[in-house]
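Participant: Pasting a structure below so you can have a look.
Rule-based calculations on the coordinates, nothing more; no lab input. It should be emphasised that the depicted structure is a prediction, and the values quoted were computed from it without experimental measurement. Here Cβ is always computed from backbone atoms with ideal geometry, including for glycine, and neighbour counts include all displayed protein chains.
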Amino acid sequence: MSAASDFLPPRMLERLGGLDLIARTIVSGFQTGVHRSPHRGAGEDFAKHRDYQQGDDVRYLDWKLYARTDRLHVREFEERSNLQCWLVVDTSASMDYAEPEGVTKARYAAFLAAALAHLMLRSGDAVGLATSGGDAKLLLPPRSRRGHLHDLLLHLERMQPAGTGAMAGALDRVGGAMTRRGRVVLISDLLEDDGGDALVTSAGRLRARGDEVIVMRVLTPAESGERAPGAGLFFDPEKPGQETAATPDADAGYQRRVTAYYDGIADRLRERGVEYVPLTTAQPVEEALVAWANLRRGP
Amino acid sequence: MLTLGIPAFLLAGALAMGVPLALHLIRRRPPLRAPLPTARFLTEDPRNAVRVSRPTDLRLLVLRMLLLLLLGLALARPAWVPAPEGTSTLVLLDRGSAMRGDGWRAALGEARRSLLGADGEARGELVMFDTAAERVPRNRITPALFDSLLLAGASDHPADYAAALRAIPASARELRGADSVRVRMISALADGGWTPGLAPLRRAAWPGTLDLARVPLVPIVHDSGYAPRPPLTALTLSARGGGFASAALGAAGLEGGRADPGAPLATDAAVYLLMDAPSAATAAQLLERARAGATLIVTPAAATDAIRAALPWTGGFAVARNSAGGAMWFGPELELAGAAGRVEAGRPADGARVAAAWEDGRPAALAKPLGSGCIVFVGAELEGGELPYQAEYPAALARLARACASTVPLALDARPLDPGALALLRGRGPASVPASALASEAGIGLGRWVLGAAILIALVETWLAYRRRRVVG
């Protein structure tokens, strides 16, 4: 695994140019390689032998080994997962926010989605793309064919954050479109009018039917309270008419309230078996992927 | 002590400081309006809702105010003067030969009053000069010094004012700590030699005034080895004229007479004015009379080969003739204008004494002892042009007749005086030159350092403003 200091910060990635190169760079930094399925069975790559048990498919008996050892073993293979994966990217207006000399949350989400798509397609998964927010739609159905990555990256490049919209609707639409069990990765700032109740419910519903659900929360350091801005009139880009005269950097309660909001959502998601990965745009994308991978492997 | 050449500029700079401050305060900007998706978690802070003007970048404001102040200070010509000591006096005491006798006593009295306080302590600096200037250490300026100077008397050498004037800047520097320096020259102002010193005088810088204390010139009779007998008679030798000159000599107190230079001398005289070429015999007679004690005045037209060897002049005799030959200076008080022609070639012989000078400084008349007498060469025709019609004509001829006598003030060391110096010498110019009329850059100039600091601050301000613009942008 690469050290965190080796990762390129998002603003440096932005200078690389197209998403394809950015995604390859991120994946290159993310040295854990392709996602491997926890299932072992009849794939292409040999994994190990185990003792034959009643019910095992006799096609996988290793007859040569039987001849040498006089014991029955079956061959196990690492199976390509071939999951049906949906990347759901939040394109609401709030995702267009960036700090000085930083990238927007939407751009960071695009980096993340591109890197994940790259990784998933390499492992044989079928990857689809959906957006939520003002222009919520299912952009690309899951495919694993060669050339699909290009289509994904093209759509990610063209995404323009605008309008408002609830995440729950997008998750429900994706759930309806999934023909078998799969994986849903939601990349969003999770700023919901209802405090995230509908989102948690929708994510829980997907999880309950056996889908793997991962929620990646993206915020800027200013939003999270790490580097709060100075005095001014602030407004939510999704509600520009409502201004609040405030001094966030002098408001001790601001960070506390932000943290409490996201901790509440995270707790409820975890209760429903949903993986929650908090990220900020100051973090290298590779670092986010590594954190996520470690989270999935467990302690 | 910090002094300012033009304090108004500092005041202007201080007033200008208020401009950026006023702009900073007057400029009412709305509070920063910025998007923040997490604005819902903010609590209202009413202080930010009103349109107030708060200093947004104090560093830039301070730098801009400082920049204006420093520019004003730099233009105000600041200087550092170590310590104020009030007004000091620098006395230039003429100890030249013209100061002999009562003049010396008067001059010493004046210097004493100028330099010594009631307690006998020196209050200034003393520079004595004749041909050279000598600065007297302050600890030597005591009543005893003046007593000893009185006993010693004045110098045998003529005074060189240029030397004294050149000494002013150096001596004034010794008095740098004073608020102002009063330079007081005590002299009979009887001689020339000003001009070479005037340039350094004008360049000299000291805060104060220049005073001229003129001591009355007292005629002094010298006991010189070649002092002629008092002229009683004068004979004008001219083939074509000589009437004007003869009459003028008579008007000057010399009993006149005329004779033909071609004929042998029949009468004896104390002064012979030879205006046309003499015969060889007459020439020999004239030289012999001169060696015996007479004064022989020779004009260019009369300088035959027989006489030329004895003249105080060597080289050519090219005579330029025009209607404006120029004016001859015989001393501060005598100017003879309107000569028709003048000798343009040759040079003074060794031992010759300049008796008169042209305006441009070249010698016009030279005198040289000849035996017990004297021979004088005048580089102009003494009856040409407008000379005979000048009121000073008789006096000028009489001066030529006594050119070898050391009691007669000589002409300016062959240097003409500029109008300013002449005005001073004749007592018609200002006795005091205000310090403001002189180049004043007293003390250690700080202007360029202040300007350098202002430039540095301007660079820092530019850098800060650029950085701020980048961050805001």
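Participant: Which FRET efficiency value, to the nearest 0.05, is calculated for B:Ser372 and B:Ile444 with the Förster distance at 45 angstrom and r the Cβ-Cβ distance?
Facilitator: Computed FRET efficiency for B:Ser372 and B:Ile444 comes out at 0.10.
Participant: Compute the distance in nm between two label points, each set 7 Å from the Cα along the Cα-to-Cβ direction, one at B:Ala263 and one at A:Arg272.
Facilitator: Output for this residue pair reads 15.7 nm.
Participant: Continuing with the same structure: Return the lysines within reach of A:Lys48: Cα separation strictly under 16 angstrom, same-chain partners fewer than 8 residues apart disregarded; answer none if there are no such residues.
Facilitator: A:Lys64
Participant: Go ahead and run the numbers for FRET between B:Arg321 and B:Leu459, Cβ-Cβ distance against an R0 of 45 Å, rounding to 0.05. Write down the numbers at each step before the final one.
Facilitator: Values: r = 71 Å, r/R0 = 1.57.
FRET efficiency, B:Arg321 to B:Leu459: 0.05.
Participant: Hey, got the average number of other protein chain Cβ atoms within 10 angstrom for residues in A:89-102?
Facilitator: 2
Participant: What is the average number of partner chain Cβ atoms found within 10 Å of a Cβ in A:227-237?
Facilitator: 6
Participant: In nanometres, what is the gap between the two model label sites at A:Glu157 and A:Arg256, each 7 Å from Cα along Cα-to-Cβ?
Facilitator: Going by the 7 Å Cα→Cβ label model, 4.8 nm.
Participant: Turning to a different aspect of this structure: What whole-number distance in Å separates the alpha-carbon centres of the stretch A:251-275 and the stretch B:282-321?
Facilitator: Taking the Cα centre of each part, the stretch A:251-275 and the stretch B:282-321 sit 128 Å apart.
Participant: Moving on. So how far apart, in nm, are the two label points at A:Glu226 and B:Tyr389 if each is 7 Å from Cα heading toward Cβ?
Facilitator: 10.9
Participant: Shifting gears a bit: How charged is the neighbourhood of B:Ser279? Take every other residue with its Cβ under 13 Å from the Cβ of B:Ser279, and add Lys/Arg as +1 and Asp/Glu as -1.
Facilitator: -3
Participant: Need the full-extension length gain, B:Glu134 to B:Ala34, defined as separation in residues times 0.36 nm minus the C-alpha distance. One decimal, nm.
Facilitator: Result for the pair: 27.9 nm of gain on full extension.
Participant: If you take every DSSP beta bridge fully contained in the stretch B:234-406, what fraction is antiparallel? Give it as a percent rounded to 5.
Facilitator: Of all bridge pairs located within the stretch B:234-406, approximately 60 percent are antiparallel.
Participant: Given the stretch A:49-144, what percent of its DSSP beta bridges are antiparallel, to the nearest 5? Mind dumping the intermediate values first?
Facilitator: Values: 8 of 15 bridges.
About 55 percent, rounded to the nearest 5.
Participant: Please give the residues of the stretch A:154-172, grouped as numeric ranges, whose backbone N is less than 17 Å from a label point set 7 Å along the Cα-to-Cβ vector of A:Gln242.
Facilitator: Output list for this probe position: A:163-167.
Participant: For A:Lys239, list the lysines whose Cα falls under 19 Å from its own Cα; do not include residues on the same chain fewer than 8 positions away.
Facilitator: Partners found: A:Lys105.
Participant: So which trypsin sites (Lys or Arg not before Pro) in the stretch B:237-301 end up in coil per DSSP with only 14 or fewer other C-beta atoms within 10 Å?
Facilitator: In loop regions of the stretch B:237-301 (DSSP not H, G, I, E or B), the sparsely surrounded trypsin sites (Lys or Arg not before Pro) are B:Arg240.
Participant: Given a Förster radius of 45 Å and the C-beta distance between A:Leu65 and A:Arg209 as r, what FRET efficiency does 1/(1 + (r/R0)^6) yield to the nearest 0.05?
Facilitator: Taking R0 as 45 Å, the efficiency between A:Leu65 and A:Arg209 is 0.65.
Participant: Under 8 Å for C-alpha pairs, at least 6 residues apart: give me the relative contact order for the stretch B:234-406, rounded to a whole percent.
Facilitator: After rounding, I find 23 percent.
Participant: In peptide A:246-257, how many Cβ atoms from other protein chains are near each Cβ within 10 Å, on average? Intermediate results must be reported in sequence, preceding the final value.
Facilitator: Values: counts 12, 6, 7, 0, 2, 5, 0, 3, 6, 2, 1, 5.
Mean shielding by partner chains, rounded to a whole number: 4.
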